[in-house]
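First the structure, in the form of structure tokens, and then the observations on it.
The values are calculated or read from the model by the stated rules, or taken from the named source; none is laboratory data. Just so you know, these numbers come straight off a predicted model, no measurement behind them. Methodologically, a virtual Cβ is constructed for each residue, glycine included, from the backbone with ideal geometry; neighbour enumeration extends over all protein chains shown.
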Amino acid sequence: MSKPIATRVILASFLFLLSSCSPSTPPPLPTETQSPSPTPPPSETALPTETPTAFPTLAPELERPQYVIDLQMSYSSKAAEVNQTITYPNRTGETLTNLVLAVEPNLWSGGFNLRTISVDGLPVLNYTLEPLSQRMEIVLPQPIPPGGTITLAMTYALILPQMQAYSNPNEIRPQIYGYSDRQVNFVDWYPFVVPYQSGEGWILHNPWFYGEHLVYDVADFDVTVSFTDGAAPQIAASGAEVASGLAASRKFELEAGRTFALSISTDYKVATQTVGNVKVFAYYFAFYDEEGEALLQTTAQALQVFSEKFGPYRHKTMTAVQGDFNDGMEYSAFYFISRDYFNLYDGTPVNYLVTIGAHETAHQWWFDAVANDQGIEPWLDEALATYSERVYYEAIYPDLVSSWQGYRYFEFQNAGAVDTQVYDGGGQRPYWDKVYLTGARFFQELRERVGDEIFFAFLKDYYAQYAGKRATAADFFRVLREHTSADLSDLMAKYFKNDY
């Protein structure tokens, strides 16, 4: 997610809280502040008896889940019909009797309508998906043994909510999923199987006011988009476009990603650049040509710097999109950046458009490649992405590193432990100060303590060991200790509340 900004550049919209409102009305904020508790098992729900639509199947012996999605959208009405298959290999090492999926569009009343669902061609006998809940639990007709694979097929309808602004932007995160007058954003829009952790079970945290709560396994995506109303907008996508075989549709593929995002608009302009074998895209609105080019250049430069400093970028494309909301947000091979960053751009390198562009690009290493639990250990991606801004400036604008730090940290207060959960942040600004900025200062002190050679060798090794996996703080410090025997006890006591 985008990083702390000046108070004049404010965040809007809390996306994921429960209510009984229409899809175009955002959910109200909850009245209690508390750490998440496990979601109780929902009651059984009878399933539709319709014969499920036939779907394509993928080869067995898969390394990771496969998502094949056919999105048929009415651009004018902001609604869609979706056919989806998930081919899920059981790599948990345990026999599974159920699956838990995150269904984020169901958090809006009427926003998600499941039509049919089947497992290996047989209608599912029972499942649970309570109104205004993100948790869908499917009782499997047959257990999946370790190494086994099943195919889950479903059809459903989406009615997108209108993106909203709120009056208390210092407390809540922006709403990204949905539509504005200028764009339609599909983010966390399809049901996906959440990770399973031995000894813990399925990982699906409660939504919160700010920050991110979802955790993702790595997966392959095959997404086809068509428009039922004859519209022909621009499509910004996580994946690389490939031939669809159908004149009226467009197809995108992403291999080994965490999540697949789309942003669609008839108003987009697009600039492109090639970096090695990666095609970089910048999508932006009219009258922002200078800003759009700056965004493209920043993304391309950051890809080069981080590939050298951390390890190779893993995808064929990288897409940056001007969001019609006040914040930034990362997805696989894709990120949004705030309209306000465009409005505040002054043509200089020390500017939020450049700073946050570098930050969101860094999330391709620290989120998409090396994943973490974003609700419980958000510092593992956010602090690293914030510190990566400095790495970018050191490489591209070395004379401006001190200017960047003063610009970035001008509201900073040493607010508390880096390893704070999103649920214990104490508000958006205090959460930023702890996790993002205090976290970045920890990395700078760590680097000064062990030296550049060891510091960057450690980051490369950490990336190499956990790219395509999910890392924990214990994993992070284990790899670090493989590279240095320096006494870090004072740094640990200064920055962290837990022992690692």
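With (1) in contact (Cβ under 8 Å) with a residue 12 or more places away in the chain; (2) among the hydrophobic types (A, V, I, L, M, F, W, C); (3) out of contact with any Ser or Thr (no Cβ under 8 Å at 6 or more places or on another chain) as the list, and Met492 as the residue in question, which single condition is left unmet?
The single condition Met492 does not satisfy is (1).
Pick out the one residue from Leu99, Leu122 that is within 22 Å of Val82 (Cα to Cα) and in contact (Cβ under 8 Å) with a residue 24 or more places away in the chain.
Leu99
Go through (1) part of a loop (DSSP other than H, G, I, E, B); (2) buried (at least 24 other Cβ atoms within 10 Å of the Cβ); (3) acidic (Asp, Glu) and name the single condition Asp346 misses.
Among (1) part of a loop (DSSP other than H, G, I, E, B); (2) buried (at least 24 other Cβ atoms within 10 Å of the Cβ); (3) acidic (Asp, Glu), Asp346 violates only (2).
For the stretch 372-448, which helices (runs of 4 or more DSSP H) that fit wholly inside it have 3 or more residues that are touching a residue at least 60 places away in the same chain (Cβ under 8 Å), of a type in the set (A, V, I, L, M) and touching a helix residue (DSSP H, G or I) at 6+ places or on another chain (Cβ under 6 Å)?
In the stretch 372-448, the matching helices (runs of 4 or more DSSP H) lie at 379-396.
Can you tell me which of Met154, Met136 is of a type in the set (A, V, I, L, M) and closer than 30 Å to Gly328 by Cα?
Step by step, each of Met154, Met136 is checked, and only Met136 is of a type in the set (A, V, I, L, M) and closer than 30 Å to Gly328 by Cα.
Mind checking whether some residue in the stretch 129-137 is of a type outside the set (Gly, Ala, Ser), buried (at least 22 other Cβ atoms within 10 Å of the Cβ) and at pLDDT 95 or above?
Within the stretch 129-137, one or more residues are of a type outside the set (Gly, Ala, Ser), buried (at least 22 other Cβ atoms within 10 Å of the Cβ) and at pLDDT 95 or above.
Can Tyr313 be described as among the hydroxyl-bearing types (Ser, Thr, Tyr) and in a loop (DSSP other than H, G, I, E, B)?
Answer is yes for this residue.
Find the residue count for the stretch 282-295, including only residues that are crowded, with 22+ Cβ neighbours inside 10 Å and free of Cβ contacts under 8 Å to residues at least 60 places away in the same chain.
Going through the stretch 282-295 one residue at a time, the tally reaches 4.
I'd like to check something: does the stretch 276-288 contain any residue that is in a helix (DSSP H, G or I) and either within 27 Å of Met163 (Cα to Cα) or in contact with a Leu (Cβ under 7 Å, 6 or more places away or on another chain) (or both)?
Checked against the condition, which is being in a helix (DSSP H, G or I) and either within 27 Å of Met163 (Cα to Cα) or in contact with a Leu (Cβ under 7 Å, 6 or more places away or on another chain) (or both), the stretch 276-288 yields no hits at all.
Taking only the stretch 316-338 into account, find how many residues are outside any strand (DSSP E or B) and either aliphatic (A, V, I, L, M) or free of Cβ contacts under 8 Å to residues at least 40 places away in the same chain (or both).
1
Give the stretch 467-491 a look and list any residue that's surrounded by fewer than 16 Cβ atoms within 10 Å (Cβ to Cβ), assigned to a helix (DSSP H, G or I), of a type in the set (A, V, I, L, M) and over 25 Å from the mean Cα position of the chain (by Cα), or say none.
Leu491
Report yes if some residue within the stretch 362-371 is crowded, with 24+ Cβ neighbours inside 10 Å, part of a loop (DSSP other than H, G, I, E, B) and in contact (Cβ under 8 Å) with a residue 40 or more places away in the chain; otherwise report no.
Checked against the condition, which is being crowded, with 24+ Cβ neighbours inside 10 Å, part of a loop (DSSP other than H, G, I, E, B) and in contact (Cβ under 8 Å) with a residue 40 or more places away in the chain, the stretch 362-371 yields at least one hit.
I'm checking my understanding of the structure. Among residues of the stretch 409-448 that are of a type in the set (D, E, K, R) and in contact with a Ser or Thr (Cβ under 8 Å, 6 or more places away or on another chain), which one is surrounded by the most Cβ atoms within 10 Å (Cβ to Cβ)?
The extreme case among them is Lys434.
Taking the stretch 451-466 as the search range and keeping residues that are crowded, with 18+ Cβ neighbours inside 10 Å and touching a Phe, Trp or Tyr at 6+ places or on another chain (Cβ under 8 Å), which one is nearest to Thr386 (Cα to Cα)?
Leu459
Determine whether Asp399 is acidic (Asp, Glu), at pLDDT 95 or above and over 25 Å from Ser489 (Cα atoms).
Criteria met by Asp399.
Return yes or no: is Thr224 part of a strand (DSSP E or B) and polar (S, T, N, Q)?
So Thr224 fits the description; yes.
Taking strands (runs of 3 or more DSSP E) that fall entirely within the stretch 92-180, which contain at least 1 residues that are more than 13 Å from Pro191 (Cβ to Cβ) and of a type in the set (A, V, I, L, M)?
Here the list reads 96-102, 112-119, 135-144, 149-159.
A quick yes/no check of all residues on (1) farther than 22 Å from His315 by Cα; (2) charged (D, E, K, R):
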| residue | (1), (2) |
| --- | --- |
| Leu384 | no, no |
| Glu389 | no, yes |
| Tyr393 | yes, no |
| Asp433 | yes, yes |
| Tyr466 | no, no |
